1. If you roll a 1.4 angstrom probe over the protein chains with everything in place, what fraction of the accessible area of the chain belongs to carbon and sulfur, to the nearest %?
2. Hey, what does the equivalent ellipsoid look like for the range 153-251, semi-axes from the Cα gyration tensor as sqrt of 5 times each eigenvalue, largest first, whole Å?
3. If the chain between Glu152 and Ala194 were fully stretched, how many nm would it gain, using 0.36 nm times the residue separation less the Cα-Cα distance?
4. Where Lys and Arg each count +1 and Asp and Glu each count -1, what net charge lies around Phe135 among other residues with Cβ under 15 Å from its Cβ?
5. Among Thr207, Val232, Ala156, whose Cα projects farthest towards the positive end of the dipole of the chain, with charges put on the beta-carbon of Lys, Arg (+1) and Asp, Glu (-1)?
6. Tabulate in residue order the Karplus-calculated ³J(HN,Hα) for the range 61-72, using 6.51 cos²θ - 1.76 cosθ + 1.60 with θ = phi - 60°, rounded to whole Hz; enter x for Gly and Pro.
7. Give, rounded to the nearest 20 debye, the magnitude of the charge dipole that the range 70-144 has about its Cα centre when Lys and Arg contribute +1 at Cβ and Asp and Glu contribute -1 at Cβ.
Amino acid sequence: MSGHSKWSTIKHKKGAADVKRGKLFSKLSRAIIVAAKEGGPDVDGNLALQNAVEKARSFSMPKDNIERAIARGAGTDSDASSFDHVVYEGYAAAGVAVLVTTLTDNRNRTASEVRHIFDRNGGNLGTDGSVAWLFERRGVVLVPADGVDEDELLLAAAEGGADDVQLDGSSFEVLCAPADLHGVREAVEAAGFAIESAETSMLPKTTVAVEDETDAKKVLRLMDALEDNDDVQDVYANFDIPEHVLELVAG
């Protein structure tokens, strides 16, 4: 399993633990509210909303919470209109590219906080477009590999619109276009496979090997600090930390 993919799995487990604090549900709700406000409450006709709901489901967000967030966004909720999508691009230690997506009601505050987090953890902010070209938006459905027949999964995923299935350690990664994420998840679930997570992600086209333990610690500290910020929705990076180093520094 690549270090980057293993980190994605660790991150998802951390996110599941964060649910207990309610912090993650707040971020997921914000994304749903804004998506419903901007594109309407019809999940089937609003791709951004569809993807926000898929991600919320991946973290076992209750259906009632999801429906309330959609209703808030579809109504005259003043909170929804006050949030802006802002993307920050920069570098972590060892030249690792980092892409940060936010929903903020105060651009100056968020910019200052994100810059401070980069500076404090051995990174630096870049200009718009400096690293975005290194990533590609994809739909990603993770299926636990234990006991799964790859050919059967491939068939079910293809029927839903997936274009690739890869075994990565203890999980299968089912990849698709973002617009096909909902259909792929439904097809995979209908075929009887368990879903570990389903969300759109910015996958790196190439990765940067980070073998030095000190640099690896700096990279992961930056990732953690960014994800802990209330305005940050997602953090993507193109590091590949060898598994034995990742296990030492990601505990």
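The values are calculated or read from the model by the stated rules, or taken from the named source; none is laboratory data. Everything numeric here is computed off the predicted structure, so don't read it as measured data. Here the Cβ positions follow ideal geometry from the backbone for every residue, glycine too, while neighbour counts run over all protein chains shown. Side chains are part of the model used for accessible areas, which takes the heavy atoms of the whole protein and leaves out ligands, DNA and RNA. Shrake-Rupley method; radii C 1.70, N 1.55, O 1.52, S 1.80 Å.
1. Values: 5590 of 11750 Å².
Percent of accessible area from carbon and sulfur atoms in the chain: 48.
2. On the way: eigenvalues 181, 51, 29 Å².
Listed largest to smallest, the semi-axes of the range 153-251 are 30, 16, 12 Å.
3. Numbers: separation 42, 0.36 × 42 = 15.12 nm, distance 1.31 nm.
Gain on stretching Glu152 to Ala194: 13.8 nm.
4. Details: positive: Arg137, Arg138, Lys205; negative: Glu89, Asp128, Glu136, Glu199, Asp234, Asp240.
The answer is -3.
5. Val232
6. In residue order, the calculated couplings are 5, x, 4, 4, 5, 4, 5, 5, 5, 4, 4, 5 Hz.
7. Numbers: 7 positive and 9 negative charges, 30 e Å.
My answer is approximately 140 debye.
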